[in-house]
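> Mind having a look at this structure? Questions to follow.
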Amino acid sequence: MLSRRDIAGGGIVLLTAVASALAAPELPAEMAIHFDASGDPDGYVDRPLALASMPLLATGLVALFAAIPRVDPLGENIAEFRGAYDALAVGTIALLAYVHGLVLAYNLGTEFDVTVAVAPAVAAVYYLAGHLLSRAERNWFVGLRTPWTLSDERVWTRTHERVAPLFKLAGVVALVGVVVPSLAIYLLVGPVAVAALAGTVYSYVCYRRLHAA
């Protein structure tokens with residue numbers, strides 16, 4: 001039976017495919033699909049591949065998010081934070097669809113800074129990730145999975161309690177890129193990288209303290 005997550009994700013994929021089909025006649029034979037830190041295109045592919053790649057990737061993610069709770073040995077724990085899991089899943093698929101929409105718009109001739117345009121959507125996914133981390137129970141696929149969080153449930157809980165606000169903050173900081181375009185790429189990448197690194201280091205320190213001789 002399809003869940004609401006599957007239906008929402010599938011609906012987003014369908015909308016992405018429809019947008020591709022409608023835009024196809026007006027698009028160039030070679031489409032820009034990759035952009036550098038300044039928002040300038042630096043990667044091109046043939047139109048059929050450009051139109052198909054994102055819907056196919058999104059379809060794969062719908063299937064992956066559906067499979068994870070079933071194949072995880074601790075899948076019953078994922079059920080404990082199902083709402084946050086589903087929100088992140090749909091948000092991630094929506095992010096791909098949004099990026100695909102930006103690519104279509106750019107190749108149709110609309111002029112804008114791609115990095116700045118993508119910032120609000122990435123910020124939202126970072127915030128959803130923080131929301132998920134604040135509720136995640138120990139499992140093998142979702143959350144900050146280090147050797148130390150996976151080895152001790154206490155380390156998992158304490159690490160996620162501390163790193164969740166950092167991911168939410170990273171989402172807020174990413175939004176600043178909308179008003180400071182020159183820093184957009186750094187605000188998108190830097191804070192979330194720092195949050196992940198801080199969580200990894202904390203999990204190690206916490207484990208060592210709890211298991212000190």
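> If you filter region 34-138 for GluC sites (Glu not before Pro), then keep DSSP loop positions with at most 10 other Cβ within 10 Å, what is left?
On the way: sites: GLU76, GLU80, GLU111, GLU137; in loops: GLU111, GLU137.
Counting only loop positions with at most 10 other Cβ atoms within 10 Å, the GluC sites (Glu not before Pro) in region 34-138 are GLU111.
> Of all the C-alpha pairs in region 41-169, what % are more than 21 Å from each other? Could you put the intermediate results ahead of the total?
Values: 4111 of 8256 pairs.
I get 50 percent for the Cα pairs in region 41-169 exceeding 21 Å.
> Here's a follow-up. So with the 1.4 Å probe, I'd like the accessible area per residue for the chain, rounded to whole Å². Working shown, then result.
Working: 11260 Å² over 213 residues.
On a per-residue basis, 53 Å².
> Ignoring solvent entirely, what values of log10 I(q)/I(0) come out of the Debye formula for region 1-58 at 0.16, 0.17, 0.20, 0.22 Å⁻¹ when each Cα is a single scatterer?
Listed by q, the Debye log ratios stand at -0.60, -0.65, -0.80, -0.88.
> Could you work out the relative contact order of region 102-189? I mean the mean sequence separation of Cα pairs under 8 Å and 6+ apart, divided by the number of residues, in percent. Provide the component values of the computation, followed by the final result.
Details: 102 pairs, mean separation 32.2, N = 88.
Rounded, it is 37 percent for region 102-189.
> So how many Å³ per residue does the convex hull of the Cα atoms of region 19-109 work out to? Working shown, then result.
Numbers: hull volume 10.5 nm³, N = 91.
Enclosed volume per residue, from the Cα hull, is 115 Å³.
> Can I ask one more? All other residues with a Cβ under 12 Å from the Cβ of HIS160 taken together, and with Lys, Arg as +1 and Asp, Glu as -1, what is their net charge? Could the numbers behind the result be given before it?
On the way: positive: ARG135, ARG138, ARG145, ARG154, ARG158, ARG162; negative: GLU137, GLU153, GLU161.
Taking every Cβ under 12 Å from that of HIS160, the sum is +3.
> Could you order peptides 150-159, 116-125 by the average number of other Cβ atoms within 10 Å of their residues, highest first?
Details: 150-159: 18.1, 116-125: 19.8.
Result, highest mean first: 116-125, 150-159.
> Round to the nearest 10 and give me the degree value, 0 to 90, for the angle of helix 47-71's Cα axis relative to the longest principal axis of the chain.
20 degrees
> Could you give the angle, 0 to 90 degrees to the nearest 10, between helix 114-133's Cα long axis and the longest principal axis of the Cα atoms of the chain?
Compared with the principal axis, the helix lies near 30 degrees.
> Averaging sequence separations of C-alpha pairs under 8 Å and six or more residues apart, then dividing by the length of the chain, give the relative contact order as a whole percent. Present the calculation step by step, with values, prior to reporting the outcome.
On the way: 288 pairs, mean separation 41.5, N = 213.
Contact order relative to length: 19 percent.
> Kindly provide log₁₀ I(q)/I(0) values, in the same order as q = 0.17 Å⁻¹, from the Debye equation applied to equal alpha-carbon scatterers of region 39-80.
Each listed q maps to, in turn, -0.62.
> Of the heavy-atom accessible surface of the chain (probe 1.4 angstrom), what whole percent is carbon and sulfur?
Details: 7370 of 11260 Å².
Answer for the chain is 65 percent, counting heavy atoms of protein chains only.
The values are calculated or read from the model by the stated rules, or taken from the named source; none is laboratory data. The structure displayed is predicted, hence computed values, not measured ones. All Cβ positions, even for glycine, are placed from backbone atoms using ideal geometry, and neighbour counts span all protein chains on display. Keep in mind that these areas ignore ligands, DNA and RNA; they rest on the heavy atoms of the full protein, side chains included. Shrake-Rupley method; radii C 1.70, N 1.55, O 1.52, S 1.80 Å.
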